[in-house]
Amino acid sequence: MMQTQTKVPTFDKAAFQASVEQHLLVTYAQTPATATSRHWYLAMSRALADISTGNLIETEQQLSDQSCRSVNYLSLEFLIGRLTGNNLISLGLYEQVSGAMAALGQNLTDLLEEERDPALGNGGLGRLAACFMDSLAAQEFPAVGYGLHYEYGLFRQSFDHGRQMEAPDAWRGQEGYPWEVLRPELNQKVGLYGHVEVYTDDAGAERRRWVPGMQVDGNAWDLPIIGYQNNSVYPLRLWECRAPAPFDLALFNDGDYIAAQQAAIQAGSVTKVLYPNDNHEQGKTLRLMQQYFHCACSVADILRRHLAAGHAIEDLAKLETIQLNDTHPTIAIPELMRILLDEHFMSWDDAWSVCNSVFAYTNHTLLPEALETWSESLIANLLPRHLEIIFEINHRFMDLVEAKWPGNDEVKRKLSVIQEGNQRMVRMANLCVIGGYAVNGVAALHSELVKRDLFPEFDALYPGKLQNVTNGVTPRRWLKFCNPALSALIDEKIGTDWPAKLEQLSSLADFADDAEFQHAFMAVKKANKQRLADWVADNMGITLNTDAIFDVQIKRLHEYKRQHLNLVHILSLYHRLLNDPKFDMQPRVFIFAAKAAPGYALAKDIIFAINKVADKVNNDSRLAGKLKVVFIPDYRVSLAEIIIPAADVSEQISTAGKEASGTGNMKLALNGALTVGTMDGANVEIREEVGDDNIFIFGLLVDEVMELVQTGYQPTRYYESDSLLKASLDLLLGDTFTPGEPDALAGIRHNLLEGGDPYLVLADFADYVTAQERIDHAYRDKAGWARKAILNTALVGKFSSDRSIRDYVENIWQLKAVKR
Ligand code: 26V
């Protein structure tokens, strides 16, 4: 066994205990005699936050003193998950604090369960931002995360007779979140509405400036991002909007008192709630206010830091880069232009060259309904000066297009920031590509499709600007913390450096055929399955057999992710178990967890259908326990941390070309689950790493999907010619699963047949069934399965977000690590 040193700060147990008791008393008005577990958790976390806040301030000072180049990660979402347990690992204090709390009569594991997840994101994009912050801090690449301090995070989900119900998520509780610290010295003021004023400056030049109609306050809350055992702490700075009362209504909107009041009320609720849509843009004013508020506060803070450190405004791009997480913070581009032009009086060309070397943009989806456009009239009303600047950017860009493709109006129409029509729209993605120095997709395949299908002309116009950075996940949270038993086993075999150097896992491959290691590895898996089974029994009253295959699909609910393909396969198993005496299968538990956007009716119908099928299947004694279906409510980071270590099979079954990357696929493989997946997103690269024998690939390829759609896809043909498919879909008719309510599930069947099956579920069904049969067969060979599972863990080191961040650093951001 290799032994390695980790940096652990000295820990004064007595002083820490005193600090916890001090917080109990002073912050929460409790004594050890009156305190509940929740009070103990709060006081302990505050005591730890005292340590990290000190390190945060010192790190900030050091980076400012040394004039270090930093990345500013702008994201409307940071799905950070619970911080306390993870921070204990990063601080290297898990064992010590566990001991200190035990001596106070408290069990650390129980205390950690008291923390509510800060659910400040919807799914993949927000979770990626959280993993990236962790990896920036772990590798000490100077960074600030900028986001919003939503009062309510993503809604809490429950089921009422199988239907999704939504409730508000007041994640901070009554006492406030113990890890956050308010930074009043960083507050900003943000304008909204108003008009553009033309004036003559002292030199006699005509100038323009924005006179906002109202102003709101931006309050800065910092959460510490603690570097893994290195003492660097970076801020995740979340802006909270406060509307100062009274409003200057006369200035804001002469005459229309009611409209002015309404706008003022809206402005006061800018950061009330996270928008729960994932991949669907609705174009609401409040959402644009959120985006602008986020950008205005963040850009102002970046400039404040830059100028306070004594740098010239012209040198901004030398010291700062701004990464836009999808198009949600696009308005930062015209905002920076406005400040440079109107407040620093730079020439257009100088201002533009600064912008052009500061911003970079990540694209996370090709789905047309998710590509943001904002109506010109809405922007004109809320941000009149920004619209002028957008027009000027576009005007100059059109000259560039004309120079490249003289007289070609079609290409101009396509590339223009302004989309013509009876309502003119501003295309945010085009603005990002034009306004920044780099654009990246999030997996190799996705980045190719960005170049080939989404932005081919931009690729021709700006060679090299369109790049790839394959996503990754932090191994600290997604292996070391969530799977302590597997982590201990890995430590024993290869030492303890792997959480910061995940590529080292590859040496585990040497043990893939070692019977003893296989046994130990599968014993850990079994224990993790038991932990999940206990959770399900306690919270849902369903008993699970841990000898069964745990087959997991956990992600947002969306048609393109095809939870309904999984469902139709389950129906086919149900049909065969009941009707084909020769059919046999390994016992399987299908586990789902997913939230549907509250306005997405079909997604909610799919949840309902899975829940109804689960009710029937789980209680049908004819199935002899071979088939169980569990839909775990309220999917969130802390649930993923229990489900992922327990998974045998990882469902990654999106229609090829639709899932930009996926990151759950990486977490599951890292924890020894075998993927059943399409050639989509990062599945392609996972297959490259683990090898064809250790993954179950099925389905149409991207180009086959496109060709089938172009030549006229007819799902009914598949239905008519495949008796198993027909029988499975016909189970959705009648009241087999909805006693007394016939055809309650027929909407899904209708979508797949008459509705044209937009995501080609039926086209991929037969191949999916075959892939599932291969899984069933492979699982019967215990040693063979163990080998595959071990090789998955061993061979996915590439998907550490540390590697993703190094790719950004080397190919886009050009940063240097700064050690504390
Ligand atoms: C879009 C919208 C539209 C407006 C309302 C709010 C909202 C919120 C989020 C989104 C973005 C959806 C894009 C997204 O999450 N993409 C996912 O990004 C992951 C990280 O790169 C990637 O792994 C997933 O494949 C991709 O679907």
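For (1) of a type in the set (Gly, Ala, Ser); (2) within 17 Å of Leu532 (Cα to Cα); (3) at pLDDT 95 or above, each residue gets a yes or a no:
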residue	(1), (2), (3)
Ala596	yes, no, yes
Phe608	no, no, yes
Asp620	no, no, yes
Tyr635	no, yes, yes
Ala640	yes, yes, yes
Ile643	no, yes, yes
Ala646	yes, yes, yes
Gln652	no, no, yes
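I need a count of the residues in segment 72-97 that are aromatic (Phe, Trp, Tyr) and either within 16 Å of the ligand (Cβ to nearest atom) or in a loop (DSSP other than H, G, I, E, B) (or both).
2
Quick one: count up the residues across segment 454-484 that are touching a residue at least 60 places away in the same chain (Cβ under 8 Å) and away from the ligand (no atom under 16 Å from the Cβ).
Initial filter on segment 454-484 (touching a residue at least 60 places away in the same chain (Cβ under 8 Å)): 454, 461, 467, 469-483.
Now restrict to residues that are away from the ligand (no atom under 16 Å from the Cβ): 461, 475-476, 479-483.
Matching residues across segment 454-484 total 8.
State which residue is farthest from Ala205 (Cα to Cα) when the search covers only segment 346-403 and only residues that are within 16 Å of the ligand (Cβ to nearest atom) and of a type in the set (Asp, Glu).
Top of the filtered list is Glu369.
Check whether at least one residue in segment 342-353 is buried (at least 19 other Cβ atoms within 10 Å of the Cβ) and under 29 Å from the mean Cα position of the chain (by Cα), and report yes or no.
So far as segment 342-353 goes, no, none of its residues is buried (at least 19 other Cβ atoms within 10 Å of the Cβ) and under 29 Å from the mean Cα position of the chain (by Cα).
Can you find a residue in segment 534-542 that is buried (at least 20 other Cβ atoms within 10 Å of the Cβ) and more than 14 Å from Ile632 (Cα to Cα)? Can you show your working first?
Step one: filter segment 534-542 for residues buried (at least 20 other Cβ atoms within 10 Å of the Cβ), giving 536.
Within this subset, residues satisfying the condition of being more than 14 Å from Ile632 (Cα to Cα) are none.
Checked against the condition, which is being buried (at least 20 other Cβ atoms within 10 Å of the Cβ) and more than 14 Å from Ile632 (Cα to Cα), segment 534-542 yields no hits at all.
Restricting attention to segment 378-408, and to residues there that are charged (D, E, K, R) and closer than 13 Å to Glu335 by Cα, which single residue is surrounded by the most Cβ atoms within 10 Å (Cβ to Cβ)?
Filtering segment 378-408 down to residues charged (D, E, K, R) leaves 385, 388, 392, 396, 399, 402, 404.
Going one step further and asking which of them are closer than 13 Å to Glu335 by Cα, we end up with 385, 388.
Numbers: Arg385: 23, Glu388: 16.
Going through the qualifying residues, I end up with Arg385.
Tell me yes or no: at least one residue of segment 297-319 is within 27 Å of Asn471 (Cα to Cα), polar (S, T, N, Q) and modelled with pLDDT under 95.
Initial filter on segment 297-319 (within 27 Å of Asn471 (Cα to Cα)): 298-299, 302, 317-319.
In the following step, the residues that additionally are polar (S, T, N, Q) were identified as 298.
If we keep only those that are modelled with pLDDT under 95 as well, we get none.
The answer is no, given that none of the residues of segment 297-319 is within 27 Å of Asn471 (Cα to Cα), polar (S, T, N, Q) and modelled with pLDDT under 95.
Select the helices (runs of 4 or more DSSP H) contained entirely in segment 426-512, then report the ones holding at least 2 residues which are more than 25 Å from Arg531 (Cα to Cα). I'd like the intermediate steps shown before the answer.
Working: elements: 428-435, 444-449, 456-461, 484-494.
In segment 426-512, the matching helices (runs of 4 or more DSSP H) lie at 428-435, 444-449, 456-461.
Taking strands (runs of 3 or more DSSP E) that fall entirely within segment 115-183, which contain at least 1 residues that are over 30 Å from Glu810 (Cα atoms) and without any contact (Cβ under 8 Å) to a residue 24 or more places away in the chain? Don't jump to the end; show me each part of the working.
Working: elements: 143-148, 153-160, 163-169.
Passing ranges, in order: 153-160, 163-169.
Go through segment 184-206 residue by residue and tally those that are in a strand (DSSP E or B), in contact (Cβ under 8 Å) with a residue 40 or more places away in the chain and surrounded by fewer than 13 Cβ atoms within 10 Å (Cβ to Cβ).
Residues of segment 184-206 that are in a strand (DSSP E or B), as a first pass: 188-192, 195-200, 206.
Now drop any that are not in contact (Cβ under 8 Å) with a residue 40 or more places away in the chain, which leaves 188, 190-192, 195-196.
Filter once more, keeping what is surrounded by fewer than 13 Cβ atoms within 10 Å (Cβ to Cβ): 195.
Residues meeting the conditions: 1.
Within the group Gly677, Gly672, which residue is closer than 28 Å to Leu701 by Cα, within 21 Å of the chain's Cα centre (by Cα) and at pLDDT 95 or above? Before the answer, list the steps.
Numbers: Gly672 fails: within 21 Å of the chain's Cα centre (by Cα).
Of the residues listed, the single one that is closer than 28 Å to Leu701 by Cα, within 21 Å of the chain's Cα centre (by Cα) and at pLDDT 95 or above is Gly677.
Within segment 262-271, does at least one residue satisfy the condition of being touching a strand residue (DSSP E or B) at 6+ places or on another chain (Cβ under 7 Å), in the same structural domain as Asn356 (by TED's automatic domain parsing) and within 16 Å of the ligand (Cβ to nearest atom)?
yes
Are any residues in segment 399-423 in a loop (DSSP other than H, G, I, E, B) and within 29 Å of Asp350 (Cβ to Cβ), and if so, which ones? Give the steps one after another, and end with the answer.
Here is the first cut: in segment 399-423, the residues in a loop (DSSP other than H, G, I, E, B) are 405-408, 416-417, 420-423.
The answer is Trp405, Pro406, Ser416, Val417.
From Ile686, Ile695, grab the single residue that is in contact with a Gly (Cβ under 9 Å, 6 or more places away or on another chain), under 25 Å from Gly797 (Cα atoms), away from the ligand (no atom under 16 Å from the Cβ) and at pLDDT 95 or above.
Details: Ile686 fails: away from the ligand (no atom under 16 Å from the Cβ).
Result of the check over Ile686, Ile695: Ile695.
Show the residue pairs meeting these rules: Cβ distance below 6 Å; 6+ apart or different chains; first residue within segment 662-684 and within 22 Å of Thr770 (Cβ to Cβ) and acidic (Asp, Glu); second residue more than 10 Å from the ligand (Cβ to nearest atom) and not in a helix (DSSP H, G or I).
Asp680/Ala656
Restricting to segment 272-302, name every residue that is near the ligand (Cβ under 10 Å from one of its atoms) and under 18 Å from Tyr193 (Cβ atoms). Give the steps one after another, and end with the answer.
Applying the first criterion (near the ligand (Cβ under 10 Å from one of its atoms)) to segment 272-302 yields 274-284, 287, 290-291.
Within segment 272-302, Gly283, Lys284, Arg287, Gln290, Gln291 qualify.
Taking segment 715-740 as the region of interest, how many residues are part of a loop (DSSP other than H, G, I, E, B), closer than 13 Å to Leu571 by Cβ and small (Gly, Ala, Ser)?
The qualifying residues number 1.
A quick yes/no check of all residues on (1) surrounded by fewer than 21 Cβ atoms within 10 Å (Cβ to Cβ); (2) under 29 Å from the mean Cα position of the chain (by Cα); (3) among the aromatic types (Phe, Trp, Tyr); (4) within 16 Å of the ligand (Cβ to nearest atom):
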| position | (1), (2), (3), (4) |
| --- | --- |
| Asn619 | yes, no, no, no |
| Ala624 | yes, no, no, no |
| Val629 | no, yes, no, no |
| Asp634 | yes, yes, no, no |
| Ser638 | yes, yes, no, no |
| Ile642 | yes, yes, no, no |
| Ser650 | no, yes, no, yes |
| Ala656 | no, yes, no, yes |
| Gly664 | no, yes, no, yes |
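Please report, ordered by residue number, the helices (runs of 4 or more DSSP H) entirely within segment 741-820 with at least 1 residues that are closer than 19 Å to Ala727 by Cα and at pLDDT 95 or above.
Details: elements: 746-752, 761-780, 782-795, 801-808.
Passing ranges, in order: 746-752, 761-780.
Those residues that are over 29 Å from the mean Cα position of the chain (by Cα) and of a type outside the set (Ser, Thr, Tyr), I need them from segment 776-800; list them, please.
Of all residues in segment 776-800, those over 29 Å from the mean Cα position of the chain (by Cα) come to 776-787.
Within segment 776-800, Asp776, His777, Ala778, Arg780, Asp781, Lys782, Ala783, Gly784, Trp785, Ala786, Arg787 qualify.
The values are calculated or read from the model by the stated rules, or taken from the named source; none is laboratory data. As the structure is a prediction and not an experimental result, all values here were calculated from the model. FYI the Cβ positions are ideal-geometry reconstructions off the backbone, even for glycines, and counts take in every protein chain you see.
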